[in-house]
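> The structure that follows is given in the form of structure tokens.
The values are calculated or read from the model by the stated rules, or taken from the named source; none is laboratory data. Just so we're clear, the structure is a prediction, and the values are computed from it rather than from any experiment. Quick reminder, even Gly has a Cβ in these numbers, built from the backbone with ideal geometry, and neighbours come from all protein chains shown.
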Amino acid sequence: MLHDNQLIVLSDNEKQQYLASFDKRTGKQLWRTNRDIRETGGGRSQGSAWTTPFIWTNAQRTEIVTIGPAFAVSYDLEGKELWRLGGMSVTPVPSPFSYDGMLYIDAGRGKALFAVRPGAKGDITLGRMDKSNEFVAWSDARGGTYLPTPLAYNGGIYALTETGILSRFDAKTGKLSYKSRIDPEAGFFTTSPWAYNGKIFCLSEEGKTFVIAAGETFQLLHANPLDEMAQATPAIVDDRLLLRTESKLYSIRRPKKRA
């Protein structure tokens with residue numbers, strides 16, 4: 001992740017977990033903070049994760065938010081720990097993101113979805129029976145996903161499971177609007193959903209894009225097949241949607257109006 005002159009690298013592996021910063025122009029290491037956050041159980045210790053660090057600039061400060069086994073940990077821009085939140089899965093994949101002043105953390109498959117307020121410090125882990133505290137605005141104990149990162153759009157948080165279950169939560173309160181299977185034949189999902197023009201888009205591994213109306217009620221509008229495996233999350237660049245399947249790269253946009 002890039003921030004100003006810093007290239008931030010997160011490496012959660014079995015030998016030595018760390019977060020490091022490098023000068024983006026020279027490659028010189030600016031700082032390195034070793035991490036020791038592991039999920040222990042079943043006779044083994046798990047230290048690997050696949051998340052991308054997130055630069056959260058809020059009203060109070062700029063921080064580097066990371067998700068690893070067992071804990072999400074936030075650091076300042078010099079690598080000093082600010083706060084940590086327990087309850088992450090053994091091998092988390094979805095990345096953190098912010099929306100409308102709050103931070104959202106997907107703890108992984110079978111775990112919780114959290115909304116965090118700015119200004120947190122220390123250990124903000126929820127108690128066993130708690131759903132919120134001073135800095136955790138709300139949580140849903142089963143809201144986490146396995147591979148896709150949730151989407152924030154028009155006041156809602158949309159969480160898509162790898163098996164094609166789409167849930168919508170109110171971004172401010174965490175109230176569940178719906179939880180629905182996209183389609184009986186939707187298949188599996190590796191890519192993260194995206195949104196445009198009042199619609200939510202979910203691309204399955206089978207190459208079919210399901211178009212769902214944004215809002216508090218689930219409504220499947222269309223299904224657009226490409227008939228080829230797709231596992232990469234599309235990218236939006238200016239007025240283009242870049243979409244990659246197993247053998248093709250698509251650049252999609254509205255045709256420009258003729259003068």
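> So residue 117 passes all but one of these: (1) buried (at least 20 other Cβ atoms within 10 Å of the Cβ); (2) of a type outside the set (Val, Ile, Thr); (3) under 16 Å from residue 170 (Cβ atoms). Which condition number does it fail?
Going through the list (1) buried (at least 20 other Cβ atoms within 10 Å of the Cβ); (2) of a type outside the set (Val, Ile, Thr); (3) under 16 Å from residue 170 (Cβ atoms), residue 117 breaks only (1).
> While we're looking at this one, here's another question. Please state which of the following conditions residue 118 fails to meet, knowing it meets all the rest: (1) under 18 Å from residue 49 (Cα atoms); (2) outside any strand (DSSP E or B); (3) not β-branched (Val, Ile, Thr).
Answer for residue 118: the failing condition is (1).
> Now for a separate question. When the residues of the stretch 150-164 are narrowed to those that are among the β-branched types (Val, Ile, Thr) and within 16 Å of the chain's Cα centre (by Cα), which ends up surrounded by the fewest Cβ atoms within 10 Å (Cβ to Cβ)?
161
> Which one is nearest to residue 101 (Cα to Cα) among residues in the stretch 116-141 that are modelled with pLDDT of 95 or more and charged (D, E, K, R)?
117
> Oh, and also: Can you pull out every residue in the stretch 123-149 that is buried (at least 17 other Cβ atoms within 10 Å of the Cβ) and closer than 27 Å to residue 187 by Cβ?
Of everything in the stretch 123-149, those that are buried (at least 17 other Cβ atoms within 10 Å of the Cβ) and closer than 27 Å to residue 187 by Cβ turn out to be 140, 143, 144, 145, 146, 147, 148, 149.
> Still on this model: For the stretch 88-138, which residues satisfy the criterion of being under 22 Å from residue 163 (Cβ atoms) and of a type outside the set (A, V, I, L, M, F, W, C)?
89, 91, 92, 94, 95, 104, 106, 108, 109, 110, 111
> From the list 90, 65, which residue is hydrophobic (A, V, I, L, M, F, W, C), in a loop (DSSP other than H, G, I, E, B) and either within 22 Å of residue 149 (Cα to Cα) or in contact with a Ser or Thr (Cβ under 9 Å, 6 or more places away or on another chain) (or both)?
Being hydrophobic (A, V, I, L, M, F, W, C), in a loop (DSSP other than H, G, I, E, B) and either within 22 Å of residue 149 (Cα to Cα) or in contact with a Ser or Thr (Cβ under 9 Å, 6 or more places away or on another chain) (or both) holds for just one of 90, 65, which is 90.
> While we're looking at this one, here's another question. Which residues, counting only those in the stretch 121-136, are outside any strand (DSSP E or B) and among the small types (Gly, Ala, Ser)?
127, 132
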